[in-house]
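Asker: Mind looking over this structure? Questions follow.
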Amino acid sequence: MIKKLLILSITTLCLNAEYFYSYNKKIPLTKLADTAPINLDYEFKSPISYYKNSAGEKIGIDNKLIVSFKDLSIKGYVEKEYGLEFLRKITDDMFVYKIEDHDRVLETANEINSIKGVEFSHPDFLIGKRSRSLQDVQTDDPMFWDSWHLDRINIADAWKYTKGEGVIIGVYDEGIDLEHEDLWKNIIGFGNYADGLKQLTMINSYSQLNNQDINAPRSISDKWHGTACAGLIAAMGDNNMGGVGIAPKSKLIVARYSSSNISDDSKALIDMANNGAAIITNSWGTNNMLPVFEKTLKLLSEEGRDGKGVLIFFAAGNDGCNMDKYYSLIDTPVGSMISCSENPSDIPINDESESKYVISIASITGDNSIAPYSNYGSAIDFVTPGGYKAKSIVTTDAMGENGFGPYNYTPMSGGFSGTSASAPMAAAIASLVLSVNPTLSKEEVVDIFKATAKQYGRYEYKYERNDHYKRNDHWGYGKIEAGDAVKLAVNYGKIKISNFAKTIYSDLHR
C-alpha cells in the first residue's frame, strides 16, 4: 500500500546525478577534481567530494543527507528502501541520515526528493561561511574608546527604561572569548558546532567559562569575530574597563558556527531557542540558502518563543551589491567580497539575509550615510551603524594578541566594521524592547521598529509590501532608534486600535 504512494522520477535513476533540488528547482553542480577543503577545521571520517554550484560557490558532500517528510507514515519505508542510517532529528519531521557509499548521496537524495510524501531531500552540504566584518588596517595605537554608535541610535533615552534585563540573546558566529574581562558575567551558555560537541553547555558556575573546554567556541583562525559581535550587545559596563554594550544587562548564549554540514547550523539555532534565546544574531552568510535552513528559520520565526516568534537577525553583507540582481561567484574565495560589477550572471545570490523569516540589517557610517560596502535590495529591513575606515566600531576583542588587534578591544581606526557590526546592534535594541514588554511578538517588535525608524538619505522612500510604512532598498524602513523604540514598546498593545504603533508614535511626537 505504501509503495502505491511513491512516485519516483525515472530521470533520477542515473548514476552520478550532478544536481540537487532546492525549493523544487533543479540546481546544477559541477564536480571538482581537487580535494582542498572549504575552510574546514578538522578531518572527516567520510570522504568528501567537492563541487561548484551554479553560482560558482564551492561546496562539499560527504556521506550525509537530509530528508523532510510531509507524510511521516512513509518514513520507515524510505529508511529501509534506501539503506538510511539515522543520525539525528532536526525537527519532528526533518532528519539527518548517512549512507555507506558517499558517491551515491546525490543520486539517493534526488530519488527520495521525488517521492510523494517527501517535502525535500538534499545532501547535508558542507558550506563555508562568509563573515561580514571589514578589516581595513591594523594599528598598534593604544585603545581609544569612542562609543559614537551609541549616540547614533539614541541609547541614552532607552537606558532610562532598561538595559536589557531578562532577555537572552543568541550569538551564532566565529570565535567567542568566554573569558573576556568585559563579557564573562553575561554569558550563560556556550557551544561549538564546528569541532566541539555540537550542542550547548548551559553553565551553573562562571568557572565553566574556559576557552580550553572541548565545547568552547574558540577561533581556529584567531579572528575571534564573534567576540566583537557579542561585545556590541552585552559588554558589561560600569566596571572601569573597555566600553559598554547596548544591552549590558542582557544575557548571552554564544556558539561557534559549523564549518561543515548545514544541518549543524539548523541544530544550533534550534538549541539556542530551546534554551531561552528570544533573539539570535548572525553576522555571516553563505549565499547558499538551502531548504533545511529555510525551514528552520520558518519554524523559529513562527513557532519559537511559545508562538511569539524568535527574532532572527542577519547581516546583509559587505559586497556593495544589489542582491536582487545576479552576480557570478565563480573563483570568488570564501570570505572575500563578491565582484558585483565585473561578473554579471543569470544566477541569483540566494543568501540567508534575504529570507522572509529574518530581519536583514544594512550599515550606515558615522555621518548617517549608507556605507559604501553595504549590500542593498528588496530584502533590506533596517540599518544601524557599521563603521568605516578611520571611524570603525570599538568593541570587545579577543584577550591578548589575537583578534583584530593586539589589545582586548578593537581599535577605532581600521578596527571592526561592516554589516557584522550592524546586525548585533539591531539585535541588542530588540532585547531592550522585549525587556520592557516581553509579551511582544516578533511581528510587533518589527512594527515598533518600522514606526520609530529615522529616515535619512537621498533615496526616495515609498509605500510598498502592503503595509503602512515607507521604505527603500538601501535604508529599508530606516535607522533603528533605540530610545523611541523602547518608549513605544512600553505602551504597545495596551490600547486596541488598528495600526497601533504608527498611531501611538504620532501621538508621542505631536
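The values are calculated or read from the model by the stated rules, or taken from the named source; none is laboratory data. It should be emphasised that the depicted structure is a prediction, and the values quoted were computed from it without experimental measurement. Here the Cβ positions follow ideal geometry from the backbone for every residue, glycine too, while neighbour counts run over all protein chains shown.
Asker: What do you reckon, is Ile246 assigned to a loop (DSSP other than H, G, I, E, B), surrounded by 24 or more Cβ atoms within 10 Å (Cβ to Cβ), in contact (Cβ under 8 Å) with a residue 24 or more places away in the chain and in the same structural domain as Phe404 (by TED's automatic domain parsing)? First the steps, then the outcome.
Answerer: On the way: assigned to a loop (DSSP other than H, G, I, E, B): yes; surrounded by 24 or more Cβ atoms within 10 Å (Cβ to Cβ): yes; in contact (Cβ under 8 Å) with a residue 24 or more places away in the chain: yes; in the same structural domain as Phe404 (by TED's automatic domain parsing): yes.
Yes: the conditions hold for Ile246.
Let's see how each residue does on (1) within 18 Å of Val105 (Cα to Cα); (2) modelled with pLDDT under 90; (3) not assigned by TED's automatic domain parsing to the domain that holds Ser219:
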| site | (1), (2), (3) |
| --- | --- |
| Leu15 | yes, yes, yes |
| Ala33 | yes, yes, yes |
| Ala36 | no, yes, yes |
| Glu57 | no, yes, yes |
| Ile66 | yes, no, yes |
| Asp71 | no, no, yes |
| Gly76 | no, no, yes |
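Asker: Looking at Tyr326, Tyr373, can you tell me which residue is modelled with pLDDT of 90 or more and assigned by TED's automatic domain parsing to the domain that holds Ile279?
Answerer: Tyr373
Asker: Going residue by residue through the range 357-365, is there one that turns out to be more than 16 Å from the chain's Cα centre (by Cα) and in a loop (DSSP other than H, G, I, E, B)?
Answerer: yes
Asker: Still on this structure, I have one more. When residues of the range 159-177 are filtered for being on the phi < 0 side of the Ramachandran plot and not in a strand (DSSP E or B), how many remain?
Answerer: Taking the range 159-177 first, the residues on the phi < 0 side of the Ramachandran plot are 159-163, 165, 167-177.
Filter once more, keeping what is not in a strand (DSSP E or B): 159-163, 165, 167, 174-177.
So the answer is 11.
Asker: Let me ask you something else. Leu269 is checked against (1) buried (at least 24 other Cβ atoms within 10 Å of the Cβ); (2) farther than 19 Å from Ile359 by Cβ and fails just one. What number does that condition carry?
Answerer: Here Leu269 clears every test but (2).
Asker: Looking at the range 132-165, which of its residues are at pLDDT 75 or above, touching a Ser or Thr at 6+ places or on another chain (Cβ under 7 Å) and surrounded by 17 or more Cβ atoms within 10 Å (Cβ to Cβ)? Write out each step before concluding.
Answerer: Applying the first criterion (at pLDDT 75 or above) to the range 132-165 yields 147-165.
Then drop every residue that is not touching a Ser or Thr at 6+ places or on another chain (Cβ under 7 Å), which leaves 153, 162, 164-165.
Passing the criteria: Ile153, Thr162, Gly164.
Asker: Which residue pairs have Cβ atoms closer than 8 Å, lie 6 or more positions apart in sequence or on different chains, and pair a first residue in the range 63-79 that is more than 21 Å from His102 (Cα to Cα) with a second residue that is part of a strand (DSSP E or B) and among the acidic types (Asp, Glu)?
Answerer: These pairs meet every condition: Phe69/Glu119; Lys70/Glu119.
Asker: Could you tell me which residue of the range 189-225 is surrounded by the most Cβ atoms within 10 Å (Cβ to Cβ), considering only residues that are on the phi > 0 side of the Ramachandran plot and of a type outside the set (Asp, Glu)? Lay out the reasoning, then the answer.
Answerer: Filtering the range 189-225 down to residues on the phi > 0 side of the Ramachandran plot leaves 198, 222, 224.
Next, only the ones that are of a type outside the set (Asp, Glu) stay: 198, 224.
Values: Lys198: 20, Trp224: 25.
Step by step, filter the range 189-225, then rank; the result is Trp224.
Asker: Test of understanding: among Gly400, Gly405, Gly457, Gly418, which residue is under 21 Å from the mean Cα position of the chain (by Cα) and either farther than 22 Å from Ile253 by Cβ or not assigned by TED's automatic domain parsing to the domain that holds Gly304 (or both)? First the steps, then the outcome.
Answerer: Details: Gly400 fails: under 21 Å from the mean Cα position of the chain (by Cα); Gly405 fails: under 21 Å from the mean Cα position of the chain (by Cα); Gly457 fails: under 21 Å from the mean Cα position of the chain (by Cα).
Result: Gly418 is the single residue among Gly400, Gly405, Gly457, Gly418 that is under 21 Å from the mean Cα position of the chain (by Cα) and either farther than 22 Å from Ile253 by Cβ or not assigned by TED's automatic domain parsing to the domain that holds Gly304 (or both).
Asker: State whether the residues of the range 154-166 include one that is under 23 Å from Tyr388 (Cβ atoms) and within 22 Å of the chain's Cα centre (by Cα).
Answerer: Step one: of the range 154-166, the residues under 23 Å from Tyr388 (Cβ atoms) are 154-155.
After this cut, where a residue has to be within 22 Å of the chain's Cα centre (by Cα) as well, the list is none.
No, there is no match, as no residue in the range 154-166 is under 23 Å from Tyr388 (Cβ atoms) and within 22 Å of the chain's Cα centre (by Cα).
Asker: Another question, then. Give the residues of the range 282-316 that are over 19 Å from Ser259 (Cβ atoms) and among the hydroxyl-bearing types (Ser, Thr, Tyr), sorted by residue number. So that I can check it myself, show each step before the final result.
Answerer: Going residue by residue through the range 282-316, those that are over 19 Å from Ser259 (Cβ atoms) are 291, 294-295, 297-313, 316.
Of everything in the range 282-316, just one residue is over 19 Å from Ser259 (Cβ atoms) and among the hydroxyl-bearing types (Ser, Thr, Tyr), namely Ser301.
Asker: Okay, moving on. Only one of (1) out of contact with any Lys or Arg (no Cβ under 8 Å at 6 or more places or on another chain); (2) at pLDDT 90 or above is not met by Lys308, so which one is it?
Answerer: The single condition Lys308 does not satisfy is (1).
Asker: What residue, among those in the range 367-397 that are of a type in the set (Gly, Ala, Ser) and under 24 Å from Ile312 (Cα atoms), is nearest to the chain's Cα centre (by Cα)? Give the derivation first.
Answerer: Step one: list which residues in the range 367-397 are of a type in the set (Gly, Ala, Ser), which gives 369, 371, 374, 377-379, 386-387, 390, 392.
Now narrow it down to the ones that are under 24 Å from Ile312 (Cα atoms): 371, 374, 377-379, 386-387.
Numbers: Ala371: 20, Ser374: 16, Gly377: 18, Ser378: 18, Ala379: 14, Gly386: 16, Gly387: 19 Å.
That would be Ala379.
A quick yes/no check of all residues on (1) in contact with an Asp or Glu (Cβ under 6 Å, 6 or more places away or on another chain); (2) touching a residue at least 12 places away in the same chain (Cβ under 8 Å); (3) not hydrophobic (A, V, I, L, M, F, W, C):
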site	(1), (2), (3)
Phe449	no, yes, no
Thr452	yes, yes, yes
Lys462	no, no, yes
Asn466	no, no, yes
Tyr469	no, yes, yes
Tyr477	no, yes, yes
Ala485	no, yes, no
Ala489	no, yes, no
Tyr492	no, yes, yes
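Asker: Please enumerate the residues belonging to the range 403-441 that are buried (at least 24 other Cβ atoms within 10 Å of the Cβ), at pLDDT 95 or above and not small (Gly, Ala, Ser).
Answerer: Once the filter is applied, which keeps residues that are buried (at least 24 other Cβ atoms within 10 Å of the Cβ), at pLDDT 95 or above and not small (Gly, Ala, Ser), the range 403-441 yields Thr419, Pro424, Met425, Ile429, Leu432, Val433, Leu434.
Asker: Moving to a separate point now. Answer with yes or no whether Thr91 is surrounded by fewer than 18 Cβ atoms within 10 Å (Cβ to Cβ), under 16 Å from Asn288 (Cβ atoms) and either modelled with pLDDT of 95 or more or among the polar types (S, T, N, Q) (or both).
Answerer: Details: surrounded by fewer than 18 Cβ atoms within 10 Å (Cβ to Cβ): yes; under 16 Å from Asn288 (Cβ atoms): no; either modelled with pLDDT of 95 or more or among the polar types (S, T, N, Q) (or both): yes.
No: the conditions fail for Thr91.
Asker: Output the qualifying pairs, or none if there are none: Cβ atoms under 9 angstrom, residues six or more apart or on different chains, first residue in the range 423-436 and at positive phi and in the same structural domain as Ala247 (by TED's automatic domain parsing), second residue part of a helix (DSSP H, G or I) and among the aromatic types (Phe, Trp, Tyr).
Answerer: none
Asker: May I pose another question? So which residues in the range 72-116 are among the aromatic types (Phe, Trp, Tyr), under 25 Å from Asp271 (Cβ atoms) and assigned to a helix (DSSP H, G or I), if there are any at all? Walk me through it before giving the result.
Answerer: We begin by selecting, within the range 72-116, every residue among the aromatic types (Phe, Trp, Tyr); these are 77, 82, 86, 95, 97.
From what is left, the residues that are under 25 Å from Asp271 (Cβ atoms) are 86, 95, 97.
None; the set is empty.
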